[in-house]
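Have a look at the structure below, then the notes.
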Amino acid sequence: MIELSYLLQIILALSVVYVWVFRFDNIIIEFKLYQLSDLTRNLVGAAKIVLSTLLVVGIWFPPLVLMSSISMAILMVFAQLAHFKVKNPWVKHVPSFVLLVFAVLIASIAAEII
């Protein structure tokens with residue numbers, strides 16, 4: 001199971017960094033659509049990048065994994081709520097939902113639930 005967690009940690013981290021670094025122009029548009037401030041956008045982005053970094057570092061220092069994956073899951077729940085708020089089509093919900101599932105799986109493995 002630990003190998004699955006490592007794989008999910010890397011996929012989750014790379015996905016978040018890709019979106020928040022290389023597709024930042026899209027993030028700006030989405031946060032305006034959600035009517036969230038630039039400060040909120042920047043804080044969410046910084047938090048997601050820090051948590052992504054902690055998930056990768058957690059491969060070598062496992063105590064970081066549980067809290068960073070739970071925190072990432074919470075952010076993904078809020079992403080889902082933002083999509084519902086603006087009534088986005090279901091296809092827009094899929095990426096953050098998949099990352100939410102990954103974060104929950106990682107946390108479950110780290111907590112030795114599965």
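For this structure, a couple of remarks:
- Residue in region 74-96 that is touching a helix residue (DSSP H, G or I) at 6+ places or on another chain (Cβ under 9 Å), among the polar types (S, T, N, Q) and in contact (Cβ under 8 Å) with a residue 24 or more places away in the chain present: no
- Flag for ALA79 being aliphatic (A, V, I, L, M), within 10 Å of the chain's Cα centre (by Cα), over 20 Å from ILE2 (Cβ atoms) and surrounded by 12 or more Cβ atoms within 10 Å (Cβ to Cβ): yes
- So PHE102, is it among the aromatic types (Phe, Trp, Tyr) and touching a residue at least 40 places away in the same chain (Cβ under 8 Å): yes
- Scanning region 85-96 for residues that are surrounded by 11 or more Cβ atoms within 10 Å (Cβ to Cβ) and over 9 Å from the mean Cα position of the chain (by Cα) gives LYS85, VAL86, ASN88, LYS92, HIS93, VAL94, PRO95.
Values quoted throughout were computed directly from the atomic coordinates according to the rules given, and no laboratory measurement underlies them. The structure presented is a predicted model; accordingly, all values stated were derived computationally and were not measured. Here the Cβ is made from the backbone with ideal geometry for all residues, glycine too, and neighbour counts use every protein chain on show.
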